[in-house]
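Undergrad: Once you've had a glance at the structure underneath, I'll fire off some questions.
No value in this document is a laboratory result; all are computed from the given coordinates. All values derive from a computational prediction rather than experimental measurement. Cβ placement follows ideal geometry from the backbone for every residue including glycine, while neighbour counts extend to all protein chains displayed.
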Amino acid sequence: MKVKIYYWENYIKKSFNKLLFFVSIFVLQISFAQDFESIFKKGNYAYNEGDFEKAISFYEQILDYGQHSSDLYFNLGNAYYRSNRVAESIFYFEKAKQLDPSNDKIKFNSLFAKNMTIDSIEELPKSQLEELKINIFYFFSIENWAIITVCFSWLFLLLFSLYLFNKKPRLKRIFFLFSTFCLFILISTFTIAYLSEKERKFEEFAILFSNQLNIWPEPNERGEIKFILHKGTKVVLLEKLDEWQKIRIANGSEGWVKNPVLRSLN
């Protein structure tokens, strides 16, 4: 009898300790979220007061803790823009667009920042099919596409279960139709999320932070310079060879740069 009592006492203690651990984690998460919200508000207050450097320091405190959001990146982009630090501004607007690609405010302010750069680069014209693909892939962020996929997978399982276990023919038809529709959406959103993630991994984008870079046709300085790029230009990273990096810009031109200062957007 004593062994049984000891066993249950030990089990209750372990269960209580586990519960206490999870409650502590939950409380810490809430307190951290409140702290981040407080720091974010301080950054907004400093920004509204015109102290942009102080606002940047508050926003970057949140980034240092590994917290990310489109609003945080957007505010950082604005603060850097008002501080006349164009490359940093473009970098954070691009990061904000990755998390909230359909946000018109982010697109508008990003365009303003790009107009401040020295290099004026026209993008290659895109086909209607390419435009459609971009509009679909970037309508939501990859994370949002994934969330939609998970939601429709659970909805499909629920409706299909109701179809299997329901005995009324009319209701079975309704549940079957709705479950089929959810399956179609599920497959579509999963495909979009997968292809979008694959495409973004295939192309690595970066922002130039070097004041001026000579672009060479080969990874050496023996030929003629193809063109020159300046700070704040968005590029696609291609091959790398020792201190040389091959890049491509929006108009399709490619070349090699030596020891570039870059910040990857991937």
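Undergrad: Just in segment 117-156: which GluC sites (Glu not before Pro) are loop by DSSP and have at most 10 other Cβ atoms within 10 Å?
TA: Those that pass, being in a loop and sparsely packed, are E122, E123.
Undergrad: Can you show me the helix-derived [θ] at 222 nm for the chain, built from DSSP H runs with n ≥ 4 at -39,500 (n - 2.57) apiece and divided by the number of residues, rounded to the nearest 500.
TA: Roughly -21500 deg cm²/dmol at 222 nm, from the helical runs in the chain.
Undergrad: While we're looking at this one, here's another question. What residue among I118, F178, S38 has its Cα farthest toward the positive end of the dipole of the chain, where the charges are +1 on Lys, Arg and -1 on Asp, Glu, each on the Cβ?
TA: Positive-end residue among those listed: F178.
Undergrad: Rank these for me by crowding, W154, W244, going from fewest to most other beta carbons within 10 Å.
TA: The order, fewest Cβ neighbours first, is W154, W244.
Undergrad: In the chain, with Lys and Arg counted as +1 and Asp and Glu as -1 at Cβ, which of these residues, L76, G66, A206, has the Cα nearest the positive end of the dipole, that is, farthest along it?
TA: Going by the charge dipole, the pick is G66.
Undergrad: Further question on the same structure: Given the options A87, A146, A79, which has the most mean-square fluctuation in a GNM of the chain, springs set between C-alpha atoms less than 10 angstrom apart?
TA: Fluctuation is largest for A146.
Undergrad: Given the options P219, P101, P169, state which has the largest fluctuation in a GNM of the chain using a 10 Å cut-off (strictly under) for Cα springs.
TA: Looking only at P219, P101, P169, the largest GNM fluctuation is found for P169.
Undergrad: Thinking of segment 158-253 as a set of Cα atoms, what percent of all their pairs are more than 15 Å apart? Write out the running numbers ahead of the final one.
TA: On the way: 3352 of 4560 pairs.
That fraction is 74 percent.
Undergrad: Now for a separate question. How big is the dipole moment of segment 128-202 about its Cα centre under a simple scheme where the beta carbon of each Lys and Arg is +1, that of each Asp and Glu is -1, and everything else is neutral? Debye, nearest 20, please.
TA: Charge dipole of segment 128-202: 640 debye, to the nearest 20.
Undergrad: Nothing charged except the Cβ atoms of Lys and Arg (+1) and of Asp and Glu (-1): what's the magnitude of the dipole of the chain about its Cα centre? Round to the nearest 20 debye. If you can, show how the numbers build up before the last one.
TA: Values: 34 positive and 30 negative charges, 367 e Å.
Dipole of the chain, to the nearest 20 debye: 1760 debye.
Undergrad: Once the convex hull of the alpha carbons of segment 122-175 is built, what does its volume come to per residue, in cubic angstrom?
TA: Cα convex hull per residue, to the nearest whole number: 91 Å³.
Undergrad: How much length is gained if the chain between N44 and I174 is pulled fully straight, taking 0.36 nm per residue apart and subtracting their Cα-Cα distance, in nm to one decimal?
TA: Value of the extension gain: 41.7 nm.
Undergrad: Give me the percent relative contact order of the chain, please, defined on Cα pairs under 8 angstrom at least 6 residues apart.
TA: Reported as a whole number, the value is 14 percent.
Undergrad: Provide the FRET efficiency to the nearest 0.05 for the E53-R222 pair, computing r from the beta carbons and using R0 = 41 Å.
TA: Working from the Cβ atoms, E equals 0.40.
Undergrad: Can I ask one more? Work out the FRET efficiency for N103 and S253 from their Cβ-Cβ distance, taking R0 = 35 Å, and round it to the nearest 0.05.
TA: Computed FRET efficiency for N103 and S253: 0.75.
Undergrad: With a cap of 15 neighbouring Cβ atoms within 10 Å, and only residues DSSP puts in a loop, list the trypsin sites (Lys or Arg not before Pro) found in segment 147-231.
TA: Details: sites: K167, R170, K172, R173, K198, R200, K201, R222, K226, K231; in loops: K167, R222, K226, K231.
Sites meeting the loop and neighbour criteria: K167, R222, K226.
Undergrad: Given N residues in segment 204-264, what is its alpha carbon radius of gyration divided by 2.2 N^0.38 Å?
TA: Rounded to two decimals, the normalised Rg is 0.97.
Undergrad: Within 10 Å of each candidate Cβ there may be at most 14 other Cβ atoms; applying that plus a DSSP loop requirement, which GluC sites (Glu not before Pro) in segment 209-259 survive?
TA: E221, E224, E243
Undergrad: Which of these, L183, L111, L157, has the largest mean-square fluctuation under a Gaussian network model of the chain (Cα springs below 10 Å)?
TA: The residue with the greatest mean-square fluctuation here is L157.
Undergrad: Can I ask one more? Report the charge-dipole magnitude of segment 156-266 in Debye, nearest 20, computed about the Cα centre from +1 at each Lys and Arg Cβ and -1 at each Asp and Glu Cβ.
TA: With only Lys, Arg, Asp and Glu charged at Cβ, the dipole is about 1120 debye.
Undergrad: Here's another thing I want to ask about it. What would the Debye equation give as log₁₀ I(q)/I(0) for the chain at q = 0.11, 0.12, 0.16 Å⁻¹, counting only Cα atoms as equal point scatterers?
TA: Log10 of I(q)/I(0), two decimals: -0.84, -0.93, -1.23.
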